[in-house]
Amino acid sequence: MRRKMIAGNWKMNKITAEAIELANGLKRELYKIDDVDIVVCPPFTALEEVSEATYESNIKLGAQNMHWEESGAFTGEIAPMMLKDLGCEFVILGHSERRLYFHETNDTVNKKTKAALKAGLTPIVCVGETLQEREAGKTFEVIQDHVYNSLKDLTEEELAKIIIAYEPVWAIGTGKTASPEQAQEVHKFIRDLLKKKYSEVLAEEIVILYGGSVKPGNTKELVNQIDIDGALVGGASLDVKNFSEIVNAASTCGTK
Ligand code: PGA
């Protein structure tokens, strides 16, 4: 059985006082939820404060990126252990904004995924096609490339520890959500890929989130799809009411 998860990607938003306020609001609204893993991913600058605010609550902490090296002369970068040190359990890797604006490739995402696992962090590895790729009929080709190459050379045991987020680039921050059927089709494709390359057990165990304009009003129909285990939420995760409603909506969906 797979646990449901709702993760909030705060992106480059919230100074520390705002981040604490949001974390405290979520704690207040969501303390009763025990059937959904709730994760918040604030910017690096607010990790420590949000870690303190969510300590011993049902809200877990994640970061939005990291470097793959353990330490050294990498000005401006953050190492996996620095995230662990602040109480992070998760890290988003290979988000399309990082692939697009910061030249991340499957290769760097792969290095980061291995480094995160080594440090005991759970990577949330993002995959997804652009509008151009979808319209050219290349969706499955791109997804296969992202999944196989971002996760290259991981053992089945390691793969069982990661989370995949399917985020069609055309649906991120655009207000255009993939329909439940469109999302389900790709989620099933990812599970089938894992079944083919690894095993049925792994394909059944791995948590796959959907991301791209998830809102309170569309959460239920997405998370009710057989292969969708939750959501990675951007814009709507910046507001206590919206994010709480999304978590509550996921909580009413059955487990798979
Ligand atoms: P969005 O972002 O919910 O604002 O579309 C999703 C994401 O980038 O993870």
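The values are calculated or read from the model by the stated rules, or taken from the named source; none is laboratory data. Keep in mind it's a predicted model, so treat the numbers as computed, not measured. Virtual Cβ from ideal backbone geometry, glycine too; neighbours counted across all protein chains shown. Note: areas computed on protein heavy atoms with side chains; ligands, DNA, RNA excluded. Shrake-Rupley method; radii C 1.70, N 1.55, O 1.52, S 1.80 Å.
Among the residues of the stretch 79-97 satisfying the criterion of being assigned to a loop (DSSP other than H, G, I, E, B) and more than 16 Å from the ligand (Cβ to nearest atom), which is farthest from ILE164 (Cα to Cα)?
LEU86
What number of residues within the stretch 1-25 satisfy the criterion of being more than 21 Å from TYR166 (Cα to Cα) and either within 15 Å of the chain's Cα centre (by Cα) or in a loop (DSSP other than H, G, I, E, B) (or both)?
Total satisfying the criteria: 3.
Test of understanding: among VAL169, VAL223, which residue is buried (at least 21 other Cβ atoms within 10 Å of the Cβ), closer than 22 Å to ILE246 by Cα and more than 11 Å from the ligand (Cβ to nearest atom)?
VAL223
With respect to VAL214, determine if the residue is touching a strand residue (DSSP E or B) at 6+ places or on another chain (Cβ under 9 Å) and within 11 Å of the ligand (Cβ to nearest atom).
Taking the combined requirement at face value, the residue satisfies it.
Out of GLU141, GLU185, report the one residue that is part of a helix (DSSP H, G or I), open to solvent by 70 Å² or more (accessible area, probe 1.4 Å), away from the ligand (no atom under 16 Å from the Cβ) and farther than 17 Å from ARG99 by Cβ.
GLU185
Checking LYS196 against (1) within 16 Å of the ligand (Cβ to nearest atom); (2) in a helix (DSSP H, G or I), only one condition comes out false. Which one?
Answer for LYS196: the failing condition is (1).
Could you identify the single residue in GLY62, GLY76 that is outside any helix (DSSP H, G or I) and either surrounded by 19 or more Cβ atoms within 10 Å (Cβ to Cβ) or under 18 Å from the mean Cα position of the chain (by Cα) (or both)?
GLY62
Pick from ALA250, ALA203: which is away from the ligand (no atom under 12 Å from the Cβ), without any contact (Cβ under 8 Å) to a residue 40 or more places away in the chain and crowded, with 19+ Cβ neighbours inside 10 Å?
Sole residue among the options that is away from the ligand (no atom under 12 Å from the Cβ), without any contact (Cβ under 8 Å) to a residue 40 or more places away in the chain and crowded, with 19+ Cβ neighbours inside 10 Å: ALA203.
Which residue pairs have Cβ atoms closer than 9 Å, lie 6 or more positions apart in sequence or on different chains, and pair a first residue in the stretch 162-173 that is under 14 Å from ARG98 (Cα atoms) and acidic (Asp, Glu) with a second residue that is in a helix (DSSP H, G or I) and modelled with pLDDT of 95 or more?
Once the first residue is under 14 Å from ARG98 (Cα atoms) and acidic (Asp, Glu) and sits in the stretch 162-173, its partners that are in a helix (DSSP H, G or I) and modelled with pLDDT of 95 or more give GLU167/SER96.
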